[in-house]
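Below: one structure, written as structure tokens.
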Amino acid sequence: MISLSNQHVVIVGGSSGIGLATGTLAKQLGADVTLISRDAAKLKQIASQLDSVRIAIADFADEAATDAAFANLPPIHHVYVAAGSFVGGNILEGKMADFRRAIDTRIWGSVHVVRAAVPKMSATGSLTFTGGLSTDRPVKGAWATAVATAAAEQLARALALELAPLRVNAIAPGWTDTPMWNDILGAEKQAIFGGVATQVPMKRLSLATEVAQAVIFLMQSATVTGEVLHVDGGHRLV
Ligand SMILES: NC(=O)c1ccc[n+]([C@@H]2O[C@H](COP(=O)([O-])OP(=O)(O)OC[C@H]3O[C@@H](n4cnc5c(N)ncnc54)[C@H](OP(=O)(O)O)[C@@H]3O)[C@@H](O)[C@H]2O)c1
């Protein structure tokens, strides 16, 4: 198993939820951690709580901003792209701007990160993208998210060949209790979570820390590449 001690781990989307949990765990395992996201105030607050974490501000849908955020970073061992969100909307009635955002962030954003990060990466390092349960179980009215997660997973498989020996994988979380759902589900969050839990074979949602453990596994596993690791309590099977 690859030690994370003194390895530089960069988390794009590191200010909340699964990304923050992964950065925190990597730090506990001895890594030098950089957290990137759009919200400077949120990142500064996190940096004041986590000992010696580097922060950088960028919207990774913006190629120039992503390049600028990576330009000043030291050599990199592992990158996890957590940034993204659930984008709903019926294809005939939703806003094109929302649909474009779903693709621009998860797909073009990931491509921007690859182009900015790989020239700084060690050949024994790894990249991990974020797909999701919606690849296997699309939610009616959220087609853009399903297409975006599927594309992120396929990007990992394609780049595992193109960038080898660098390893490239994807994590595919199921329903996970993170701040992402606060705005999307609002006051109905707990009721909806309760309903989802009854459908999951494991009978509960995942925690961000549990998905983070799987991301760290992908960083540390020297011969795992082109893999999509599902952390969904078996939800995709039912
Ligand atoms: N939670 C779930 O149930 C679930 C299920 C399947 C897949 N996922 C996926 O897992 C990933 C993490 O989700 P989460 O639940 O941890 O969400 P979260 O708590 O909302 O965290 C998302 C993170 O991404 C950052 N971010 C969003 N858009 C960005 C952009 N354009 N540029 C840079 N940073 C950006 C956010 O920070 P700023 O707002 O400060 O930029 C935040 O740090 C997402 O891709 C999500 O779609 C989540």
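Pairs exceeding 29 Å between alpha-carbon atoms, taken from K42/K203; K27/K120; K120/K140: K42/K203; K120/K140. Which FRET efficiency value, to the nearest 0.05, do you get for A191 and K140 by plugging their Cβ-Cβ distance into 1/(1 + (r/R0)^6) with R0 = 30 Å? Given R0 = 30 Å and the Cβ-Cβ separation, E is 0.95.
With the simple model of a label 7 Å out from the Cα in the direction of the Cβ, A68 to L237 spans 4.8 nm.
Dipole of the range 136-188, Cα-centred, from +1 at each Lys and Arg C-beta and -1 at each Asp and Glu C-beta, to the nearest 20 debye? Its charge dipole is roughly 220 debye. Surface composition of the range 8-230: carbon plus sulfur atoms hold 57% of the accessible area, using a 1.4 angstrom probe and ignoring ligands, DNA and RNA. Using only Cα atoms, tell me the angle between helix 189-199 and the longest principal axis of the chain; keep it within 0 to 90° and round to the nearest 10. Orientation of helix 189-199: about 80 degrees from the principal axis. Accessible surface area normalised per residue over the chain is 47 Å², counting heavy atoms of protein chains with a 1.4 Å rolling probe.
Relative to the current alpha-carbon distance between R204 and D39, full extension at 0.36 nm per residue lengthens the span by 56.4 nm.
Potential lengthening of the chain between S48 and D98 amounts to 14.7 nm, from the contour at 0.36 nm per residue minus the alpha-carbon distance. Report note on the peptides 229-235, 177-183, 12-18, 61-67: ranked by the mean count of other C-beta atoms within 10 Å, highest first, their order is 12-18, 229-235, 61-67, 177-183.
Please say if the chain is rounded, prolate or oblate, where rounded means a/c under 1.5 for a ≥ b ≥ c the square roots of the C-alpha gyration tensor eigenvalues, and otherwise the choice is prolate for a/b larger than b/c and oblate otherwise? It comes out rounded by the Cα gyration axes.
Accessible-area rank, largest first, for S126, S52: S52, S126, with all protein chains present and a 1.4 angstrom probe. Less than 5 angstrom separates the built amide H of I55 from those of L35, all sequence-distant by 5 or more or on a different chain. For the chain, the longest principal axis of the alpha carbon atoms and the long axis of helix 40-49 meet at an angle near 70°.
Using C-alpha pairs under 8 Å with a sequence gap of at least 6, the mean separation divided by the residue count of the range 8-230 gives a relative contact order of 21 percent.
The values are calculated or read from the model by the stated rules, or taken from the named source; none is laboratory data. Please read these numbers as outputs of a predicted model, since none were measured by experiment. For neighbour counting, all protein chains shown are included, and Cβ atoms are generated from backbone atoms with ideal geometry for every residue, glycine included. Remember, those area values only see protein heavy atoms, side chains included, never the ligands or the DNA or RNA. Shrake-Rupley method; radii C 1.70, N 1.55, O 1.52, S 1.80 Å.
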